[in-house]
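*Asks:* Mind looking over this structure? Questions follow.
The values are calculated or read from the model by the stated rules, or taken from the named source; none is laboratory data. Small disclaimer: the values here were computed from a predicted structure and weren't measured. Cβ atoms come from the backbone with ideal geometry, glycine included; neighbour counts cover every protein chain shown.
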Amino acid sequence: MTDHETTCKICKKPISVQADPDCEAHWLKVFLSMVTCDRCFDLREMRLCATGKLQALAQYLMAIAAIKTIKPEDRQAKRKKIREHLIYWTRQYAEWFSKFHHSPRYVVWNEEFADIILDAPHKLDEVLRQYRQRTRPMLQQPEAA
Ligand SMILES: [Zn+2]
């Protein structure tokens, strides 16, 4: 293995990686352009996981709303259960966003985040976008890079 210096494709932090010395120059270049640091890799996984779960819950809510034959009490019970999951995954999403902005101890979250999605699952993307817009200024600090 030979060492190569490159930068994380997400945060641009310099990192050194190892590659097979027989690797063709073209593929080595492609490989080096795709490398992410550990932090960015973990954060990406966290974001994809939380977003994926929230999307699945929103789909489920829309499916339940579309079925007219469900008894009101059953519908309520299902929504209550989904709300618990929404609370957990919106919290995960908020933790991801805080870590992303180097503020792991300051998480901007309350149950309203879950309730907004519960009431408007078809607007999930919009809700997440607004959350990031509103929260970003609270998390950005001068020392964060
Ligand atoms: Zn990085």
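Each row is one residue, and each column tells you yes or no for (1) more than 16 Å from the ligand (Cβ to nearest atom); (2) farther than 23 Å from ASP119 by Cα; (3) not assigned by TED's automatic domain parsing to the domain that holds ALA114.
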{"position": "SER16", "(1), (2), (3)": "no, yes, yes"}
{"position": "GLU24", "(1), (2), (3)": "yes, yes, yes"}
{"position": "LEU57", "(1), (2), (3)": "yes, no, no"}
{"position": "ILE64", "(1), (2), (3)": "yes, no, no"}
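*Asks:* Suppose we filter LYS68, LYS12 for residues that are at pLDDT below 90 and not in a helix (DSSP H, G or I); which single one remains?
*Replies:* LYS68
*Asks:* Yes or no: TYR88 closer than 19 Å to GLN133 by Cα and more than 16 Å from the ligand (Cβ to nearest atom)?
*Replies:* no
*Asks:* Right, next: So is ARG105 out of contact with any Gly (no Cβ under 7 Å at 6 or more places or on another chain) and within 16 Å of the ligand (Cβ to nearest atom) or not?
*Replies:* No, not satisfied.
*Asks:* Specify which of the listed residues (THR6, THR2, THR51, THR36) is within 10 Å of the ligand (Cβ to nearest atom) and surrounded by 11 or more Cβ atoms within 10 Å (Cβ to Cβ).
*Replies:* THR36
*Asks:* Shifting gears a bit: For the stretch 70-86, name all the residues that are farther than 14 Å from PRO121 by Cβ and within 25 Å of the chain's Cα centre (by Cα).
*Replies:* The answer is LYS80, LYS81, GLU84.
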